[in-house]
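Worksheet: the structure to be examined is printed underneath.
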Amino acid sequence: MDVLTDLLQRSRARGAAFSHSTAHGAWGVRFPAGSKLAIHGILGGEAFAWTDDTGRSRHVLSGDIVLVRGPAEHFMAHVPGADVIPFLGLPSSGPPGGARRMVFGTGSGEPTTFFCGAYTFEGTLCTGLLAGLPDLTVVRSRAGSSLRASLDLFAGELLGDAPGQQALLDSLLDVILVQALRQQLATDVQAAPAWFSAMDDPAVGASLRAVHATPARAWTLADLAAEASLSRATFARRFTALLGVPPLTYVTDWRMALAREQLRDGAAGLAAVARSLGYASEFSFAAAFKRHHGTSPGRWRTAAASPSHAGSVG
């Protein structure tokens with residue numbers, strides 16, 4: 001279980017491909033704020049994309065993936081700073097239950113074609129991952145790369161109308177997202193979460209996979225060092241250098257992050273949460289949680305459920 005997979009699965013990342021657009025001549029569209037992550041793929045032609053009214057834009061070409069960290073209003077047009085109209089107000093067509101097809105713009109010339117999609121994430125586990133992305137990211141798919149192959153497959157399906165189209169598009173969109181995130185994080189290592197680079201270390205990566213596969217295990221330093229095939233002292237130094245925290249601190253931090261998600265959901269009792277994270281009893285879990293957060297899990301859950309506090313509870 002690698003960390004990226006664990007975060008996306010536990011955050012129940014859900015994406016939907018919702019449109020295929022063909023823009024002719026002069027055009028410009030405004031996408032509304034809302035989703036935590038918007039994704040656009042340039043299938044043909046070129047465009048400019050930006051996230052604020054100043055028109056500071058990125059030139060995007062066929063094969064590029066544009067990721068917009070939200071919630072943020074953003075724009076796409078034939079030239080930087082062009083006049084824009086609301087994207088959601090444009091007329092559309094398409095098969096029932098499938099992606100919408102939209103044609104707009106004025107004038108002639110080579111059209112720009114692109115798809116649009118959006119992602120939602122439950123809870124806050126992916127907050128750190130998304131925070132490592134710029135407001136607007138352009139990921140360039142290289143010819144012959146797996147990302148380009150996925151994009152080509154997606155583009156072909158997008159223009160069809162066979163049964164099950166939307167389910168297949170949503171699944172392919174997940175593939176494109178993971179490939180794009182992987183490429184972006186590898187390119188911008190300084191902004192990427194520490195665990196991303198650490199996963200490439202054979203020893204530390206092995207211990208991270210083990211922790212994320214079985215977070216409820218009663219991990220000791222010796223256990224983690226054994227996963228890494230290193231001595232305890234060597235492993236501890238190497239892990240801390242890469243992650244910025246000692247191994248057992250990482251384990252506790254991850255368990256507490258999982259505990260917060262379960263408490264935020266509100267369905268599981270404290271005893272069930274404790275068992276799921278490997279604590280011997282509700283009381284030992286509550287003590288660990290209070291040491292970590294400075295408040296009891298019950299009080300934390302109440303604060304998280306309050307609209308006036310939900311945004312500030314980490």
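Please treat every number below as a calculation from the coordinates, not as lab data. Just so it is clear, the model here is predicted, and its values are computed rather than measured. Note that each Cβ is placed from the backbone with ideal geometry, even for glycine, and that neighbours are counted across all protein chains shown.
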Cβ-Cβ cut-off under 15 Å around Ser231, Lys and Arg +1, Asp and Glu -1: the net charge is +1
How far, in degrees from 0 to 90, does helix 282-293 lean away from the longest principal axis of the Cα atoms of the chain, to the nearest 10? 60 degrees
Quick check: residue separation of Ala216 and Ala280 times 0.36 nm, minus the Cα distance between them. What number comes out in nm? 22.0 nm
Give me the distance in nm between label points sitting 7 Å out from Cα along the Cα-to-Cβ direction at Arg142 and Arg237, one decimal. 3.5 nm
Which length gain, in nm to one decimal place, applies between Ser108 and Val175 when the Cα-Cα distance is subtracted from 0.36 nm times their residue separation? 20.7 nm
Counted charge near Gly298, where neighbours are those whose Cβ lies closer than 11 Å (Asp, Glu -1; Lys, Arg +1): +2
Among Ser62, Thr187, His292, flag the residue with its Cα farthest along the positive direction of the charge dipole of the chain, charges on Cβ as +1 for Lys/Arg and -1 for Asp/Glu. His292
Within 15 Å, Cβ to Cβ, of Ile176, how many net charges do the neighbouring residues add up to if Lys/Arg are +1 and Asp/Glu are -1? 0
Kindly provide the helix-only [θ] at 222 nm of the chain, computed as the sum of -39,500 (n - 2.57) over DSSP H runs of four or more divided by all residues, to the nearest 500 deg cm²/dmol? -13000 deg cm²/dmol
Crossing angle, helix 232-243 versus the chain [Cα axis fit, 0-90 degrees, rounded to tens]: 30 degrees
Once the Cα atoms of helix 247-265 and of the chain are each reduced to a long axis, what angle between those two axes, in degrees from 0 to 90 to the nearest 10, is obtained? 60 degrees
